[in-house]
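Trainee: Got a structure here, written out as structure tokens. Questions coming.
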Amino acid sequence: MDTEATKREIKALEDKRYQAMIAKDAATLDKLLGAGLVYTHSYGGADSKATYLDGVRSKKWDYQSIERPSESIQVYGDTAVITGHVKINIFADGKPKLLNSRFTNVWVKGASGWQMVCWQSTPIQG
């Protein structure tokens, strides 16, 4: 297995996912997110794939811009773990917010190719 090629593939999928979040492209997100997704927000709430996609469609989360100042991708066979720092400009429930967080997310390669199955973010204080 070419770990570097897999890391490049995962980075491209991450780029595509963040672009889809900003574009409110639920169809692309539906393909990129695994059926068992657990999406844990920095405020502590958690969503399934269905409820997360509903939130994107309804603009409960209206992503304006997303920066990833740092990230690291580690590959373990058919699993990739991404950790890093993310800054998200978002309207959440109609209110503008700047989220500055550390994150961990997990991608798994299955019958539908690589899909993200877990997101966990924690606010950076200060």
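The values are calculated or read from the model by the stated rules, or taken from the named source; none is laboratory data. Given the structure is predicted, the values throughout are model-derived calculations rather than measurements. Neighbour counts run over all protein chains shown; Cβ positions are idealised from the backbone, glycine included. Ligands, DNA and RNA are excluded from the accessible area calculation, which covers all protein heavy atoms including side chains. Shrake-Rupley method; radii C 1.70, N 1.55, O 1.52, S 1.80 Å.
Trainee: If you take the residues in the range 74-116 that are in contact (Cβ under 8 Å) with a residue 60 or more places away in the chain and farther than 19 Å from residue 40 by Cα, which one is surrounded by the fewest Cβ atoms within 10 Å (Cβ to Cβ)?
Mentor: Ranking the candidates gives 77 first.
Trainee: Only residues in the range 1-22 that are over 10 Å from residue 75 (Cα atoms) count as the first member; pair them with residues that are in a helix (DSSP H, G or I) and of a type outside the set (Ser, Thr, Tyr), Cβ under 6 angstrom, at least 6 apart or cross-chain, and list the lot.
Mentor: 17/32; 20/29
Trainee: Surrounded by 13 or more Cβ atoms within 10 Å (Cβ to Cβ) and free of Cβ contacts under 8 Å to residues at least 12 places away in the same chain: is that true of residue 62 in this structure?
Mentor: Against the criterion (surrounded by 13 or more Cβ atoms within 10 Å (Cβ to Cβ) and free of Cβ contacts under 8 Å to residues at least 12 places away in the same chain), residue 62 does not qualify.
Trainee: I would also like to ask the following. Return the residues of the range 14-39 that are assigned to a helix (DSSP H, G or I), open to solvent by less than 30 Å² (accessible area, probe 1.4 Å), touching a strand residue (DSSP E or B) at 6+ places or on another chain (Cβ under 7 Å) and not charged (D, E, K, R); say none if nothing qualifies.
Mentor: If the condition is that a residue be assigned to a helix (DSSP H, G or I), open to solvent by less than 30 Å² (accessible area, probe 1.4 Å), touching a strand residue (DSSP E or B) at 6+ places or on another chain (Cβ under 7 Å) and not charged (D, E, K, R), then 18, 21, 32 are the ones that fit.
Trainee: Right, here's the next one. Please state which of the following conditions residue 55 fails to meet, knowing it meets all the rest: (1) in contact with a strand residue (DSSP E or B) (Cβ under 6 Å, 6 or more places away or on another chain); (2) assigned to a helix (DSSP H, G or I); (3) touching a residue at least 40 places away in the same chain (Cβ under 8 Å).
Mentor: Checking residue 55 against (1) in contact with a strand residue (DSSP E or B) (Cβ under 6 Å, 6 or more places away or on another chain); (2) assigned to a helix (DSSP H, G or I); (3) touching a residue at least 40 places away in the same chain (Cβ under 8 Å), the one that fails is (3).
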